[in-house]
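To start, the structure under review is shown below, and the notes come after it.
Nothing in this text is a laboratory measurement; each read-out follows from the coordinates by a stated rule. Just so it is clear, the structure is predicted and the values come from calculations on it, not from any experiment. Don't worry about glycine lacking a Cβ; one is built from the backbone with ideal geometry, like all the others, and counts go over all protein chains shown.
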Amino acid sequence: MPEAFRLKAGIPKYLQISNWLLEMIEKGRYGLHDKLPSESKLSELFHVNRNTVRQAISDLVIKGVVEKKSGVGSFVVGQTHGPVRYTLRHISSFTDEMNRVGIVPQTRLIRKSAIEAPPDVSEKLMLGTEKKVILTERLRLGDRIPLVLERSYLPYKEYKEILSMRLTGSLYQLLTEKFDVELHHSVQTFRAVALLARDAKLLEVPVGSPGIFLESTIYDSKNIPVEVLHALHRGEKYVFEVESGRYRLDLKS
């Protein structure tokens, strides 16, 4: 085994070890049915006690990637998925995207409340004197692995009933079916970010890990803004795809 790895502060040690093992499995260093390094070797490698290593292995067992055989060791029993390809051609929900690529979607509701809209959100939603919005913060998982942290802002007066609804599935399906909204088009921007402490902890990655911040403003068929979405994607788990038209030479330039 190589010399000991240094773990970063700000995130539980067992999660860092679990994520490292997941990365090794994704890269094919440990394939299906391969045996993982022993608990003693991993504790030596990361300079942690064996209880921390056991917690990391248990995390992988819960995610369905590893099976622990008493007295024998831990073995890879599940396949991890490569980066999720997110297309910007049309409006789509996380649930739809996961189902499309054969990943089981899950949602963990973190917060749902009425708040005063941040100035930039208020401007994008074109709110008048009533600045109140519904904020929903949800952690979206694929095959039990945290992938996206979503913060959605909706005008309070039009969608206040959402506060009493379950939000474990597609919000866009709910808007379409329950509120009869036609989600017509969106304006999306995205940029690279370093994940801050709280967001990194929820996404189960070290503080400062690369993330992709996506902001989307969705409009209905009458060009009225419906939602502002701020979504933080794990940088190593997503590939963004944009389809472009043919090159056109402007003869007037």
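Scanning region 118-129 for residues that are in a loop (DSSP other than H, G, I, E, B) and free of Cβ contacts under 8 Å to residues at least 60 places away in the same chain, which turns out farthest from Ser93 (Cα to Cα)?
Taking region 118-129 first, the residues in a loop (DSSP other than H, G, I, E, B) are 118, 126-129.
Add one more test, that the residue is free of Cβ contacts under 8 Å to residues at least 60 places away in the same chain, and what stays is 118, 127-129.
Working: Pro118: 24, Leu127: 24, Gly128: 28, Thr129: 30 Å.
Across region 118-129, the extreme among qualifying residues is Thr129.
Select from region 214-244 the residues that are of a type outside the set (Val, Ile, Thr) and within 27 Å of Ile17 (Cβ to Cβ) and write down the one among them that is surrounded by the fewest Cβ atoms within 10 Å (Cβ to Cβ). Talk me through it step by step, then tell me what you get.
Filtering region 214-244 for residues of a type outside the set (Val, Ile, Thr) gives 214-216, 219-223, 225, 227, 229-238, 240-241, 243-244.
From the residues that got through so far, the ones that are within 27 Å of Ile17 (Cβ to Cβ) too are 232-238.
Working: Leu232: 22, His233: 25, Arg234: 22, Gly235: 18, Glu236: 16, Lys237: 21, Tyr238: 19.
Of everything passing the filter in region 214-244, Glu236 is surrounded by the fewest Cβ atoms within 10 Å (Cβ to Cβ).
For region 22-35, does any single residue satisfy the condition of being assigned to a helix (DSSP H, G or I) and farther than 20 Å from Gly142 by Cα?
no
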